[in-house]
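Visitor: Have a look at this one.
The values are calculated or read from the model by the stated rules, or taken from the named source; none is laboratory data. Values in this document were obtained by computation on a predicted structure and should not be read as measured data. Positions of Cβ are generated from backbone atoms using ideal geometry, with glycine treated the same way; all protein chains shown enter the neighbour counts.
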Amino acid sequence: MPWKGGKVTDFQSPHLSDEPENRQWADAPTETDQERRVRLILALRKMGVSEQVCTDLLVGFSLDRIEQQIAWLPFRRAKRRSSMIVASIKGDYERPVSLEEDEGGQWPI
């Protein structure tokens, strides 16, 4: 749409919330819990986790916990990814040390 000469202050933000941790786009499709489960199962299966263990994890643990551990897996330097992801989900492992801030407040490169 061509510019109609409105002011910059007339701009309506597409965000539902301006809080960084809650920022979502108004026009972005929301993922249902079922779609999220399917995505997580596919990610776990790609790592070599069996179908039965995937089912057990999804029944026994929150989707947030599973998703967080999958995101952190590359920073764990796992030799056997399937074993590490299952153990980290079941054991609710903490954030990997390689992601912790150093004393100067800078993220490691």
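Visitor: Give the residues of the range 81-95 that are in contact (Cβ under 8 Å) with a residue 24 or more places away in the chain and exposed (fewer than 14 other Cβ atoms within 10 Å of the Cβ), sorted by residue number.
Guide: ASP92
Visitor: Sticking with this structure for a sec: How many residues does the range 47-100 contain that are in a helix (DSSP H, G or I) and small (Gly, Ala, Ser)?
Guide: Selection size over the range 47-100: 8.
For (1) exposed (fewer than 14 other Cβ atoms within 10 Å of the Cβ); (2) over 15 Å from ARG95 (Cβ atoms); (3) at pLDDT 95 or above, each residue gets a yes or a no:
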| site | (1), (2), (3) |
| --- | --- |
| ILE41 | no, yes, yes |
| MET47 | no, yes, yes |
| VAL53 | no, yes, yes |
| LEU58 | no, yes, yes |
| PHE61 | no, yes, yes |
| ARG65 | no, no, yes |
| GLN68 | no, no, yes |
| LYS79 | yes, yes, no |
